[in-house]
Structure formats: C-alpha cells, structure tokens
Amino acid sequence: MPVLAPAPDVSRNISKADQAPISVHQNRAEFWSRIVGFDVLLAGVLAAFVYFFATRTIADPDIWWHLRNAEHLLRTGEMVRQDFYSFTAAGAPWVNHEWLGELPFYFAWRWCGFRGLYLVVLLLAEAIILGVFYLSRAVSENIKAAFLASWIAAWLATVSLGPRTLLFGWLFLVFELAILTKFSAGVDRTWLLPPLFLIWANTHGSWLIGMVLLLIYFVCGLVQWHWGRIEAQRWTRRERKKLRWIFALSLAALFVNPWGYRLVLYPFNLAFHQTVNIAHISEWQSLDFHSLRGKFMFVMLAATIVLGLARRTRWRLWEVVFIIIAFYSAMTYSRFMFMAAIVVTPFLARELNVLSPYRAKADRPIVNAVLLLCLAALSIAIFPTGAQLEEGTRRSYPGKALPYLERLHPEGRVFNDYLWGGYLIWNARQIPVFVDSRVDIFEYAGVFQDYLTAKSGVGSLDVLAKYHIRYVLHSKKNEPLAYLLMHTSGWKVDYEDDVAVLLERIGPVQ
C-alpha cells in the first residue's frame, strides 16, 4: 500500500508570504529613519544655526601673519624662527607654536581666496558643535536634551568663530572628551590620545588644557571615594596601567616638534610672563555677565546646578572637577567660554533628560528630508562671495589705503595700529611694522608697553620720537593718538578715508 506524502502546510506558506512585504516595509522605514530621521534633522538644524549666526567676515588680526609664515615655510622649507616682519623686534627669536594649524588656512587661501578661509572656519565650527552634540547625546541618551544643550553651546562658541588656529585646539578637545567618555563606558580608544597630542602640540597651545584634563581624569580614579552624591571609582589594575602609559606617551609626544622643549614651555610662558598681553587684550578679560554670551553662560551654570540638585544626580569626581575648571576658566578669561561650552554641555544635556524621549514611531522621514533640503538650499544661496568677504575686511582694515601706500613707498618708520600689523605683513610687505598681534616678542622687548603709551595720547610724542617715527597709520575711530596728531603742529595728514588716516611728520626725524 503506497505511503501518501503529507499535505503541504498552506497556512505556513501563506503566513510567510504575508510577512515578507511587511518585513521589507519595516526595513525601508528603518533605513530612511537612519538617513533622515529626527536625530539627523536636529543635527541639520544645529549646523544651520551655526552657519546662519557665524560671522560673515575673516577680519582677524592673526590670520595674515599666519598666512605669511606658511608661505615662507612652503617656499623655503624653513620655519620662521625669528622676527623679520617688524623693525622694533627684528631678529628676536620666536617660537611659532601654531605652525601646523597655519597650513590648512594657507592652502585654502591659495585655492579659493577669501571664500577658502571662510570655508575652513565654517567647517571647523560645524565639526566642533556637531561633535559636542554627539557627545551630549551619548552622555544623556536623549536627543532632545542634547540638541537644547548644544544650542546653548553654539551661542557661546561665537566668542572665537574666526580664522583662528584655536579652532583646531577646540576640535581636538572634543576628540579627547569623546575618547575619555568612551573609556568610562568600557570602550577603549585611548591609544588615539598620544598621536592626538602630537598633532595638537604643533597646532595650538591649548594642548595644555587637554593634558590637564587627562591628568585629572587619571588621578580621580586612583582612589575609591564617596561624598554625598559625588563618588570616585578606583581604576582596575589593568585600567590604571593603561592610563599611566597613555599619559606618559602623550606627554612624550608633546616634544616631537621643531622647537623641542621651548614649544612645550610656551603656554606656561604666556600664563606667567606675558602680563601686559593678558592685561590689555580683550579676549583675556573677565567675562561680562551683562553681555548676551555672559547671560548664556549664567544660564548654563544655573541649569547645571539646579537640575543636578532636583534630579539628585550622582556625579563622578572627574566630572565635577572638569565642570569647576571649565566655569572658572570662562569667568576669568572670556575666550574660554568656548572651552566651557565643550566641557559642560554633555553634562547639562544629561540633566536635561527630564525632556520626553524621542519616539521613532512618530518620525516623519519625508518631512525631515524636505526641511533638510530647504536648509541646504538656503545655506548655498546665502554663502558669501569673495567680494563680500573682502569688503567686510576692508571695513576693519586699511584696505583702501593700500594703493596709496604702494605709490608712496614710505621712506621712514611707520607706527601702525596693533590690529593692523598682521594685515600689513601680508598686504604691504615693503613696510616693516611697529607692532602686530604676535604680542609675546613685542612684550619681551618693551615695545608693546610703549605702543600702549603712544596709543593713550599721554606721552605719545615721546614714544614716537624714541622710535624715530615719520609716519603713523592708525584707525580714526575714537582713537586719542590719531586725534592728537591731527591737531598737533609738526604733523600733516597724507591720506584719510572712513577707516584709516596716515599722518606724516613735517621736517627731519630726530
């Protein structure tokens, strides 16, 4: 008797057939949510905010001599090791501790001019803020809280948004914090720190901040400690050994540079010996809480404290020390508001975790995609032209006076506005400057103090006589020196526009 084969399970086949389209649909939905999900939309909105509120000028006093340094290095193969831009400190030894950070700006200038410089600034700013957003999301696990905290950070970051090598330093700080955060979560990427510090040390002196934070991070794990809601967890033997080696290798990497120990000592020299520089340059002044940035800094401080108390958050010791250093630095020197924004924002986002979490099912990828395309189109439409950027620079520098200076070929020493020194170094190379924003070499020679005296209008004529000055190229905007000479016999106006005035001494220079 033949054996009958079992009847096929039709219901099972139907079930699989019915489930297949659903699975494909779900996979597509998940794919588009990853590509244009709500988190991507928030990142795009944050990037657009940085772009729309970033400065539309590259008017920074340092960028010009940075370009000249990079040009000299690439043409001759030699570092600038002494001053040959001024007549007041000519030949003085100089450590260019930012030489590596100058090269991207120079290449951008050669390829795209003013727009190239602006693009480097924009890309660095976007990378920093989006990096802070990534850190905030990782720490808080709440995309909405990360966005709100990063938005505050973006406001504070405007203190240093310009063509400055300092931006590389802040980007490296974001990388370091990401590595340390991952290590605390059990993911070891600390082997990246030594090469990071090697590049950082040759790019900007802010590497010292990174080394201090790394040392604090390591030391806070050497003890088992508990005080209220603050606790320190002792490193395991393996972790302690690993961090000890990482710190030692990172420290050694600092000395891999063209100047050796002198470059490593430069940040300490700035902190303890350049007193006139720190006392008179605006970015080294204390935070003004009446300013908009000052108010945002207060909001960040108050929110971190109040939310921490309300939520009874348990803090690790290194987190508390990081926050204290960040807030102290920002309140003491306004330039460090950017640093505070980077360090504090992830912890503020964690305290803002009271916001409702993101619900993936409520996502609308098509709407997100349309909004992102609109933001991209608007960004492209308003991207400044080279002419617009150059015109913005002319409003801050004596660009209109350059043709006159080229025709004049001043035969005699020129006293220039401090903020214009770098501009003349790059654009009027036939004129050795009196001073520029490389304040260190001028402070050591006593020139910067003499500049401040001359600028004040009290004792100005004595300083001009001391340096045998024939010409004075200076700003007209509420400047005592320009007003004094325009109303003093023995001086005449050779050139004048809405920004600058060039005055010449009448008769022989004593």
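The values are calculated or read from the model by the stated rules, or taken from the named source; none is laboratory data. Nothing here was measured: the structure is a model prediction, and the numbers come from that model. No Cβ is skipped: glycine too gets one built from the backbone with ideal geometry, and neighbour counts run over all protein chains shown.
Things worth noting here:
Yes or no, residue by residue, for (1) more than 17 Å from residue 250 (Cα to Cα); (2) in contact with a Pro (Cβ under 9 Å, 6 or more places away or on another chain); (3) charged (D, E, K, R); (4) in a helix (DSSP H, G or I):
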position: 132; (1), (2), (3), (4): yes, yes, no, yes
position: 144; (1), (2), (3), (4): yes, yes, yes, yes
position: 162; (1), (2), (3), (4): yes, no, no, no
position: 200; (1), (2), (3), (4): no, no, no, yes
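- Restricting region 153-163 to residues that are surrounded by fewer than 22 Cβ atoms within 10 Å (Cβ to Cβ) and of a type outside the set (Gly, Ala, Ser), the residue that is modelled with the highest pLDDT: 155
- Verdict on residue 230 being assigned by TED's automatic domain parsing to the domain that holds residue 357, among the hydrophobic types (A, V, I, L, M, F, W, C) and at pLDDT below 95: yes
- The lone exception for residue 181 - which of (1) of a type outside the set (A, V, I, L, M, F, W, C); (2) under 24 Å from residue 324 (Cα atoms); (3) more than 17 Å from the chain's Cα centre (by Cα); (4) outside any helix (DSSP H, G or I) it fails: (4)
- Cross-chain or 6+ apart pairs with Cβ under 8 Å, region 311-331 first and in the same structural domain as residue 221 (by TED's automatic domain parsing) and farther than 15 Å from residue 287 by Cα, then surrounded by fewer than 18 Cβ atoms within 10 Å (Cβ to Cβ) and of a type in the set (Gly, Ala, Ser): 316/184
- Residue list for region 256-273, restricted to those being exposed (fewer than 13 other Cβ atoms within 10 Å of the Cβ) and either touching a strand residue (DSSP E or B) at 6+ places or on another chain (Cβ under 9 Å) or of a type in the set (A, V, I, L, M) (or both): 271
- Of the residues 78, 102, 126, the single one that is surrounded by 22 or more Cβ atoms within 10 Å (Cβ to Cβ) and either within 20 Å of the chain's Cα centre (by Cα) or of a type outside the set (A, V, I, L, M, F, W, C) (or both) is 102.
- Test set (1) surrounded by 20 or more Cβ atoms within 10 Å (Cβ to Cβ); (2) closer than 26 Å to residue 258 by Cα; (3) touching a residue at least 24 places away in the same chain (Cβ under 8 Å) - residue 108 fails condition number: (3)
- Among the residues making up region 320-339, those that are of a type in the set (Gly, Ala, Ser) and crowded, with 24+ Cβ neighbours inside 10 Å are 326, 330.
- Within region 231-254, the set of residues being loosely packed, with under 14 Cβ neighbours inside 10 Å and hydrophobic (A, V, I, L, M, F, W, C) comprises 245, 248, 252.
- Qualifying residue in region 477-498 (condition: of a type in the set (Gly, Ala, Ser), touching a residue at least 40 places away in the same chain (Cβ under 8 Å) and assigned to a loop (DSSP other than H, G, I, E, B)): no
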